[in-house]
Amino acid sequence: MCISDRNRRDFFKTAAGAGIAVAGVQALAVPGTADAQEGKAHAQERAAGFGGNVALTNVRVYDGRELTAPRTVVIENGRIGVSAFGARRIDGGGATLLPGLIDAHIHLQDVSTLQQLAGHGVTTGLDMACFPPSVVDSLRRRPGLTDIRSAGTPAVAPGSPQSQLPTFPADAVLTGPEQAAQFVRARIAEGSDFIKIIVDESGLTQETITALTTAAHSSGKLVMAHATTAATAERALTAGVDMIHHVPLDSALPATVAARYASDGTVAVPTLTMMQGFADLGIPGMDYAAAEGSVAALRRAGARILAGTDANHTPGIPVQPPFGISLHHELERLIHAGLTTREALNAATSLPAQSFGLRDRGVIRPGYRADLLLIGGDPLADITNTRKIQRVWVGGIEYPPAV
């Protein structure tokens, strides 16, 4: 058990005002939920099975630029194969075949998290904070369910909302840059795939953020920064982080700052779904127009933009984007902010795969994971067609679409 329900309620009653800051870290397992879902998950895995090779005929494949003419795609031992000989054939009826979608910002909780993601065609989930490590470990490498990577525990400042969580690890509350190297070593020992830093106002010093980034890079780890204001985004850029999650709600990023993203190779994960949710609460100083304006500026500057939702089930947080379906909403929000449909699709497929070094997914190509999403309609003509899910495969195992 990570944290009692009573302590959880007491904490979030006082900390809910911190909003996005808490949502950016907390992803504790609900006691009993994982166990309750365990049998269901394994039953689905057994029912799906690997089922031998499959040839998906008469499907139009999205190749990162356009839809191909109808063709055949083979699933062979969980990968995209080359020969349809002896394979069970499924007629796609001219439907569109997409690479499995990737959500670049979620918060894991339990097995139901993976089930919801898979049911909506999200075959890879990139978790941006979850502890203790045993929760993350319990959700890794589950056949037929969404594949995950995780930051584990993020670095936070003393007095921050995260540091007041009853079970938050003490070694993740940093008072100065001299603690950075040990923090990074501890996260790597726990199995974190990348390092997360909460960059908030009156939070970690610039020297500490920079030291954390340097230590992570020295250990070969990417650095994710949580930054929700224009000022904190600049601090993250100054530190040299690899990705900045969220975009400001206080003011749109100036063109000069957006240009720094592009010139430094810093990746943006705007999480417009979450930013829209907080702006809709009517909190003074939070304006969704600033978030959309930031995305438009980043696109004009040529920065890489990924689709991420901040999906979470964190008690006490006023905005909780649902797992899976919210990524389809995120694609629509990105287009409304200025991306083309092709750019939005790539933001949820090939670009996150490239950005996170996941070299076996994001495109439909022989040898790659058979993470596939069959939909009705042309998503390049209308992005809402991604919601018309007919079939899903995760690592070659078919998963029933969400109803």
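At pLDDT 55 or above, surrounded by 15 or more Cβ atoms within 10 Å (Cβ to Cβ) and over 23 Å from Tyr368 (Cα atoms) - does that describe any residue in segment 94-107? Checking segment 94-107: at least one residue is at pLDDT 55 or above, surrounded by 15 or more Cβ atoms within 10 Å (Cβ to Cβ) and over 23 Å from Tyr368 (Cα atoms).
Take Ala155 and tell me if it is over 28 Å from Asp360 (Cα atoms) and in contact with a Lys or Arg (Cβ under 8 Å, 6 or more places away or on another chain). Judged against the criteria, Ala155 is a match.
Here are the criteria: (1) at pLDDT 95 or above; (2) over 27 Å from Val363 (Cα atoms); (3) in contact with a helix residue (DSSP H, G or I) (Cβ under 6 Å, 6 or more places away or on another chain). Tell me which single one Thr146 does not satisfy. So Thr146 meets the others, but not (2).
I'd like to check something: does segment 230-249 contain any residue that is in contact (Cβ under 8 Å) with a residue 40 or more places away in the chain, under 19 Å from Ser150 (Cα atoms) and over 21 Å from the mean Cα position of the chain (by Cα)? No, there is no match, as no residue in segment 230-249 is in contact (Cβ under 8 Å) with a residue 40 or more places away in the chain, under 19 Å from Ser150 (Cα atoms) and over 21 Å from the mean Cα position of the chain (by Cα).
Please go through segment 327-338 and give me each residue that is surrounded by fewer than 18 Cβ atoms within 10 Å (Cβ to Cβ) and part of a loop (DSSP other than H, G, I, E, B), ordered by number. Answer for segment 327-338, where residues must be surrounded by fewer than 18 Cβ atoms within 10 Å (Cβ to Cβ) and part of a loop (DSSP other than H, G, I, E, B): just Gly338.
Put simply, of Gly357, Gly308, Gly367 the only residue that is outside any helix (DSSP H, G or I) and surrounded by 23 or more Cβ atoms within 10 Å (Cβ to Cβ) is Gly308.
Can you pull out every residue in segment 152-188 that is among the small types (Gly, Ala, Ser) and either out of contact with any helix residue (DSSP H, G or I) (no Cβ under 6 Å at 6 or more places or on another chain) or closer than 19 Å to Glu201 by Cβ (or both)? If the condition is that a residue be among the small types (Gly, Ala, Ser) and either out of contact with any helix residue (DSSP H, G or I) (no Cβ under 6 Å at 6 or more places or on another chain) or closer than 19 Å to Glu201 by Cβ (or both), then Ala155, Ala157, Gly159, Ser160, Ser163, Ala170, Ala172, Gly176 are the ones that fit. From the list Pro177, Pro158, Pro166, the one residue that fits, being open to solvent by 20 Å² or more (accessible area, probe 1.4 Å), at pLDDT below 95 and over 29 Å from Ile102 (Cα atoms), is Pro166.
Summed over segment 265-283, residues that are of a type in the set (Ser, Thr, Tyr) and closer than 17 Å to Ala230 by Cβ total 2.
Quick check: anything in segment 194-203 in contact (Cβ under 8 Å) with a residue 60 or more places away in the chain and farther than 30 Å from Gly119 by Cβ? First the steps, then the outcome.
Filtering segment 194-203 down to residues in contact (Cβ under 8 Å) with a residue 60 or more places away in the chain leaves 194, 196, 198, 200.
Add one more test, that the residue is farther than 30 Å from Gly119 by Cβ, and what stays is 198, 200.
Within segment 194-203, one or more residues are in contact (Cβ under 8 Å) with a residue 60 or more places away in the chain and farther than 30 Å from Gly119 by Cβ.
If the condition is being more than 18 Å from Val394 (Cβ to Cβ) and either open to solvent by less than 40 Å² (accessible area, probe 1.4 Å) or of a type in the set (A, V, I, L, M, F, W, C) (or both), then segment 339-354 contributes Leu339, Thr341, Ala344, Leu345, Asn346, Ala347, Leu351. Filtering segment 121-134 to residues that are closer than 19 Å to Gly357 by Cα and either in contact with a Pro (Cβ under 9 Å, 6 or more places away or on another chain) or surrounded by fewer than 20 Cβ atoms within 10 Å (Cβ to Cβ) (or both) leaves Thr123, Thr124, Leu126, Met128, Ala129. In this structure, Asp147 does satisfy being in contact with a Leu (Cβ under 9 Å, 6 or more places away or on another chain) and under 24 Å from Gln390 (Cβ atoms).
When Ala129, Ala172, Ala151 are checked against the criterion of being of a type in the set (A, V, I, L, M) and over 20 Å from Thr271 (Cα atoms), Ala172 stands alone in meeting it.
Every residue in segment 135-174 that is touching an Asp or Glu at 6+ places or on another chain (Cβ under 9 Å), of a type in the set (Gly, Ala, Ser) and over 29 Å from Thr349 (Cβ atoms), please. Ala157, Ser160 - these are the residues of segment 135-174 that are touching an Asp or Glu at 6+ places or on another chain (Cβ under 9 Å), of a type in the set (Gly, Ala, Ser) and over 29 Å from Thr349 (Cβ atoms).
Going by the structure shown, is Pro322 of a type outside the set (A, V, I, L, M), at pLDDT below 95, part of a loop (DSSP other than H, G, I, E, B) and open to solvent by 40 Å² or more (accessible area, probe 1.4 Å)? For Pro322, the condition - of a type outside the set (A, V, I, L, M), at pLDDT below 95, part of a loop (DSSP other than H, G, I, E, B) and open to solvent by 40 Å² or more (accessible area, probe 1.4 Å) - is not met.
Screening Asp91, Asp137, Asp147 for residues that are acidic (Asp, Glu), open to solvent by 30 Å² or more (accessible area, probe 1.4 Å) and over 19 Å from Asp378 (Cα atoms) leaves exactly one candidate, Asp137.
Scan segment 370-403 for residues that are open to solvent by less than 40 Å² (accessible area, probe 1.4 Å) and free of Cβ contacts under 8 Å to residues at least 40 places away in the same chain and jot them down. Passing the criteria: none in range.
The values are calculated or read from the model by the stated rules, or taken from the named source; none is laboratory data. Please read these numbers as outputs of a predicted model, since none were measured by experiment. Reconstructed Cβ throughout: ideal geometry from the backbone, glycine too, with neighbour counts over all protein chains shown. These area figures cover heavy atoms from the full protein model, side chains too; ligands, DNA and RNA do not enter into them. Shrake-Rupley method; radii C 1.70, N 1.55, O 1.52, S 1.80 Å.
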